[in-house]
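The values are calculated or read from the model by the stated rules, or taken from the named source; none is laboratory data. Computed from a predicted model, the values in this text were never measured in an experiment. In this analysis, Cβ positions are derived from the backbone assuming ideal geometry, glycine residues included, and neighbour counts consider all displayed protein chains.
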Amino acid sequence: MKFYNTLTRRLEEFRPIEKGKVGLYTCGPTVYDYPHIGNYRSYVFEDLVKRFLLFAGLRVHHVMNITDIDDKTIRKAGELGVPLAEVTQKYIDAFHADLRTLNILPADVYPRATAHIPEMVSLISSLLDKGFAYEKDGSVYFSIERFPGYGRLANIERGNLKPAAAATHDADEYEKEAVQDFVLWKGKKPGEPYWPAAFGEGRPGWHIECSAMSMKYLGPHFDIHMGGVDNIFPHHENEIAQSECANGMTFVNYWLHCQHLIVDNKKMSKSLGNFHTLADLLQRGCDPMAVRYLLISAHYRKLLNFTFDSLEMAGQALARIKNFDFSLKSIHNPGEADPETAGLIAAAEKAFAGHLADDLNISGALGALFDFITKTNQRMTNLKQKDAVQVLAFLHRLNSVLGVLDAAEEKPLDAVIEEKIGEREAARKAKNFKKADAIRAELKARGIVLMDTPDGVKWKKE
Ligand code: AMP
Ligand code: ZN
């Protein structure tokens, strides 16, 4: 399989360091607010890559950090006048709930920055000992001049770099044009949390957090590191500098970055106010699986423009898959399977996997799935239950990568219908008759009629 490596700006064949295993690090959220669905484009993309690696038979060890101390979290706690940990815990819980809603597979470890301060302090000490860092006014900075590889990831012309230490960056985020020595350790400030260190009390900068935590759980050299494109500079550039100078070896082999979700040609972001949280969309009645479908349906290196129309279309595409699943589950014809079924499955699976192995060509992969659905729908009336069982197993294998059918869809027909009936009952109890009617209509469209009887709700096929 091939991926586009931001570091080399080329498509490269993926070869794990250790056969059959993948060490994967993804930059997690800064927990000062609810993420928006732009952030989730990155997390859903990373989930697609991880699911595809698993589908290909690789064992993945996935680490996603939680940035629970940085400029933004401290500012928010200050504004609210509550302890930092109270603010961050609220958003950590909300983040995990969203991951479940979007069917994102959990990471193996979610290290929190505040639980890894000793590792960060020791990494900074090592950079000071080796002469890659220096102290100034109680803070510690990384000297970019000392690392010849600086700027390689973000493709910065080294000749244009300002003389090191002419000015330093105390902020965690800044533009590529303003490249300078960056902060590793921020000297203690009034009202801010701080920890002891040989080089003075203070707190870590954002970039050192990810170097220390990835190294702790994945070792000094691992396979894949991912994030959104805005992480390339300065965050990932600085992670490379810190890690490679401390360890004297390559940090990461493959860097994959997801393009932005945009709205009217502008990045969806908190600061522009053009964002939707997942909760906003659910409130409007959007299906979270349609949100997931929309977010994965564009190639990860292309901008994706968010509109409610495109969300609607994603929902329609998803409905086609769900209806297909449903029709297959309704087949009970006895008899032997048609040998053609296995042949069509093999060809479609090969095409699906081949497209994804080509730098996650998702349109090709979804195209292979929909071609297969069209062909199978044409054969549907002649299929036996034994064919349907094979096709369903195939569909669920593909769904192990796409993750767009929720748990209910993976169950047998009776269980799916019972679940829907339960949802309808709950909606009726809550006097949400619109939703209750929508569920009845959805089942009707699939040939299932609900009957309200004194013994409760019964169903039959039309
Ligand atoms: P943050 O919490 O700001 O560090 O962002 C979390 C992740 O979301 C990072 O990987 C960002 O690159 C990514 N991200 C932020 N905004 C967008 C967007 N509009 N589209 C896609 N990814 C984004
Ligand atoms: Zn990071």
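Can you tell which of Leu218, Leu281 is of a type outside the set (Ser, Thr, Tyr) and closer than 26 Å to Ala94 by Cβ?
Just a single option satisfies the conditions, and that option is Leu281.
Give the number of residues within segment 2-46 that are over 18 Å from the mean Cα position of the chain (by Cα), among the hydrophobic types (A, V, I, L, M, F, W, C) and not in a loop (DSSP other than H, G, I, E, B).
Selection size over segment 2-46: 1.
Any chance you could count how many residues in segment 124-142 are at pLDDT 95 or above and in a loop (DSSP other than H, G, I, E, B)?
Count: 3.
Hey, among the residues in segment 202-232 that are within 9 Å of ligand 2 (Cβ to nearest atom) and under 18 Å from Ala154 (Cβ atoms), which one's nearest to the chain's Cα centre (by Cα)?
Taking the candidates together, the pick is Gly227.
Considering only residues that are more than 10 Å from ligand 1 (Cβ to nearest atom) and either among the acidic types (Asp, Glu) or closer than 16 Å to Leu402 by Cβ (or both), which ones fall in segment 39-75?
Across segment 39-75, the qualifying residues are Asp47, Leu48, Val49, Lys50, Arg51, Phe52, Leu53, Leu54, Phe55, Ala56, Asp68, Asp71.
Residues in segment 261-279: is at least one more than 14 Å from ligand 1 (Cβ to nearest atom), among the hydrophobic types (A, V, I, L, M, F, W, C), assigned to a helix (DSSP H, G or I) and over 19 Å from the mean Cα position of the chain (by Cα)?
No.
When you scan segment 351-365, do you find a residue that is free of Cβ contacts under 8 Å to residues at least 12 places away in the same chain and touching a helix residue (DSSP H, G or I) at 6+ places or on another chain (Cβ under 7 Å), even just one?
For segment 351-365, residues free of Cβ contacts under 8 Å to residues at least 12 places away in the same chain and touching a helix residue (DSSP H, G or I) at 6+ places or on another chain (Cβ under 7 Å): absent.
Which of the residues belonging to segment 8-50 are of a type in the set (S, T, N, Q) and either crowded, with 23+ Cβ neighbours inside 10 Å or within 16 Å of ligand 2 (Cβ to nearest atom) (or both)?
Thr26, Thr30, Asn39, Ser42 - these are the residues of segment 8-50 that are of a type in the set (S, T, N, Q) and either crowded, with 23+ Cβ neighbours inside 10 Å or within 16 Å of ligand 2 (Cβ to nearest atom) (or both).
Have a look at Leu443, Leu405, Leu395 and point out the one that is in a loop (DSSP other than H, G, I, E, B) and within 24 Å of Val291 (Cα to Cα).
Going through Leu443, Leu405, Leu395 in turn, just one is in a loop (DSSP other than H, G, I, E, B) and within 24 Å of Val291 (Cα to Cα): Leu405.
Scan (1) away from ligand 2 (no atom under 16 Å from the Cβ); (2) at negative phi for the single condition Gly57 breaks and write down its number.
Only one criterion is unmet by Gly57, namely (2).
What number of residues within segment 194-238 satisfy the criterion of being within 15 Å of ligand 1 (Cβ to nearest atom), of a type in the set (D, E, K, R) and not in a helix (DSSP H, G or I)?
Result for segment 194-238: 0.
Against the condition part of a helix (DSSP H, G or I) and closer than 30 Å to Phe45 by Cα, how does Ala351 come out, does it pass?
Yes, satisfied.
Run down Thr88, Thr168 and say which single residue is under 25 Å from Asp68 (Cα atoms) and at pLDDT below 95.
One residue alone meets the criteria, Thr168.
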